[in-house]
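What follows is a short report on a single structure.
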Ligand code: CP
């Protein structure tokens, strides 16, 4: 990771070797999930703070559980109900939490660069859990993990990313992560939701839904209405979007898997019959989120996978 492996702020902080090491660590940690006693002593005495300025179900719960499974202390601060409501700035909030000497601060914020600001304001390792429409690197890592375990070799994979790329930090991180490991990526959606020039990240672009036919993985993005400016019309209507780009059983061919970062808008970007089908890996992604976030915390705070092997044997 960049800055001597101190932070995970963006996929660009990782080399391919870093990403593969984290995925390998996650695989080793997954074995602990099948035990009766699931806790490992690895991060005993460490403190992980979750600082969330935007709502979250999966990311917050999995970071909290990941830290607890590694025996770290955890503290969660949601902006709503905190002194942020009284106007306290992000920097002052970071300085305040930094006074408790946290080892890691996991931060989600609606503004791009918020995690970088926290990293510049504290001595803690900082993990970006989503900053505006910029980056969500641990989502991309858990998606790589899910694809690698469910489908196989990442470098021969073709992934179609479908929908609202324009407002999606998940898409940006995933495109970069897939490019890092040598996978092929095609973005599919209406021209209004595909940012011009995004091919520079190393992906192809198609505007017709038929383009998903060649992919091994159909990765469905949520329509992010909360990030669309009031009054801006990116699609004529959600109904029309669903008709043109919604992932229905008829559009999924045999052998393809379907992924979605959640939360899903059932009936908009994904048909409930697909969401609940054998092809869908949505809950597999959630489970991967736990072990990948354990692996990220482990990677930031310990010396490497050699020690992990010993702990898994002993615990
Ligand atoms: N995928 C994802 O980030 O989900 P949450 O917003 O529930 O954390």
Criterion: under 17 Å from residue 300 (Cβ atoms), part of a helix (DSSP H, G or I) and under 22 Å from the mean Cα position of the chain (by Cα) - qualifying residue of 32, 62: 62
Checking residue 71 against (1) over 18 Å from residue 290 (Cα atoms); (2) not in a helix (DSSP H, G or I), the condition it does not meet: (1)
Residue match in the stretch 119-127 (condition: in the same structural domain as residue 58 (by TED's automatic domain parsing) and free of Cβ contacts under 8 Å to residues at least 24 places away in the same chain): yes
Residue check for residue 78: within 15 Å of the ligand (Cβ to nearest atom) and within 19 Å of residue 128 (Cα to Cα): yes
Restricting the stretch 232-249 to residues that are closer than 23 Å to residue 139 by Cβ and not in a helix (DSSP H, G or I), the residue that is nearest to the ligand (Cβ to nearest atom): 247
Any pair with Cβ under 8 angstrom, 6 or more apart, that starts in the stretch 254-278 at a residue that is within 20 Å of residue 158 (Cα to Cα) and not assigned by TED's automatic domain parsing to the domain that holds residue 151 and ends at one that is part of a strand (DSSP E or B) and more than 14 Å from the ligand (Cβ to nearest atom): none
Residues satisfying the stated conditions in the stretch 250-295, i.e. closer than 17 Å to residue 65 by Cα and either within 14 Å of the ligand (Cβ to nearest atom) or not in a helix (DSSP H, G or I) (or both): 283, 284, 285, 286, 287, 288, 289, 290, 292, 293
Hits in the stretch 47-59 (condition: crowded, with 19+ Cβ neighbours inside 10 Å and either in a strand (DSSP E or B) or more than 15 Å from the ligand (Cβ to nearest atom) (or both)): 48, 49, 50, 51, 52
Residues satisfying the stated conditions in the stretch 111-139, i.e. within 16 Å of the ligand (Cβ to nearest atom), assigned to a helix (DSSP H, G or I) and in contact with a strand residue (DSSP E or B) (Cβ under 7 Å, 6 or more places away or on another chain): 114, 115, 137, 138
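The values are calculated or read from the model by the stated rules, or taken from the named source; none is laboratory data. Here the structure is a predicted model, which is why all the values come from computation and not from measurement. All Cβ positions, even for glycine, are placed from backbone atoms using ideal geometry, and neighbour counts span all protein chains on display.
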